[in-house]
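Data first, discussion second: the structure below is written as structure tokens.
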Amino acid sequence: MADASGKKSTRLREKSVDVNKARFGSTSESPPGEEDQVSHLLTKHFFDAVLTKSQLQTLMLPSHMVQLLPRATVPVTLTYGGKDWNLSYRGDCARAAFDSEWRAFVKDNDLKCEDACVFELVENSGKNLKFKVHILRGDLPPELVALVNSSGTTSDSPIVLD
């Protein structure tokens with residue numbers, strides 16, 4: 001997005017961001033007592049990923065985040081739903097990524113293709129990293145599932161939203 005001077009605006013990453021739940025469907029299927037509901041980000045250091053099949057196996061971090069992190073393998077904690085997952089960040093590789101323990105986080109949180117995760121960097125001591133993770137499910141809200149199942153399969157029976 002460009003401002004009046006034609007320069008690209010970075011405002012989105014510099015201030016508190018309200019993650020748009022509606023874009024990725026209902027989050028009402030979160031486990032009871034979910035304390036890490038999608039909310040405002042508290043820091044300006046974050047990255048997001050709409051997960052693909054390959055990212056469910058290996059999550060490589062974007063360059064804007066890698067620039068902030070150590071160029072070494074260090075412990076990292078992912079926090080979601082009041083639980084912690086301990087894994088390693090491999091910053092000394094050609095493509096910085098989380099180690100294979102990332103798959104445990106994926107499995108435990110039932111992540112699927114097209115789910116989105118926002119990783120908010122809350123600690124970077126150089127020797128330890130901690131990310132608070134916000135998950136937005138990629139599935140359709142329940143009220144749209146019924147419409148898709150009853151129509152929308154051909155152009156002769158489109159889904160009509162009022």
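For Glu123, the residues whose modelled amide H falls within less than 5 Å of its own, excluding neighbours fewer than 5 places apart on the same chain, are Lys130. Calculate the FRET efficiency for Ala104 and Ser63 from the Cβ-Cβ distance with a Förster distance of 25 Å, rounded to the nearest 0.05. The pair Ala104/Ser63 has a calculated efficiency of 0.45. Students often get this wrong, so check it: of Lys53/Lys127; Lys107/Lys127; Lys83/Lys132; Lys44/Lys107; Lys107/Lys132, which have C-alpha atoms separated by over 22 Å? Long pairs (Cα-Cα over 22 Å): Lys53/Lys127; Lys107/Lys127; Lys44/Lys107. Phi-derived couplings, Karplus 6.51 cos²θ - 1.76 cosθ + 1.60 at θ = phi - 60°, listed residue by residue for the stretch 106-119: 4, 5, 4, 9, 6, 6, 10, 3, 6, 6, 10, 10, 10, 9 Hz, with x used for Gly and Pro.
Ranked by solvent-accessible area (1.4 Å probe, protein heavy atoms only, all chains present), the residues His45, His134 order from largest to smallest as His45, His134.
The values are calculated or read from the model by the stated rules, or taken from the named source; none is laboratory data. In this text the structure is predicted, and so the values were computed from the model without any measurement. Quick reminder, even Gly has a Cβ in these numbers, built from the backbone with ideal geometry, and neighbours come from all protein chains shown. Only protein heavy atoms, including side chains, enter the accessible area calculation; ligands, DNA and RNA are left aside. Shrake-Rupley method; radii C 1.70, N 1.55, O 1.52, S 1.80 Å.
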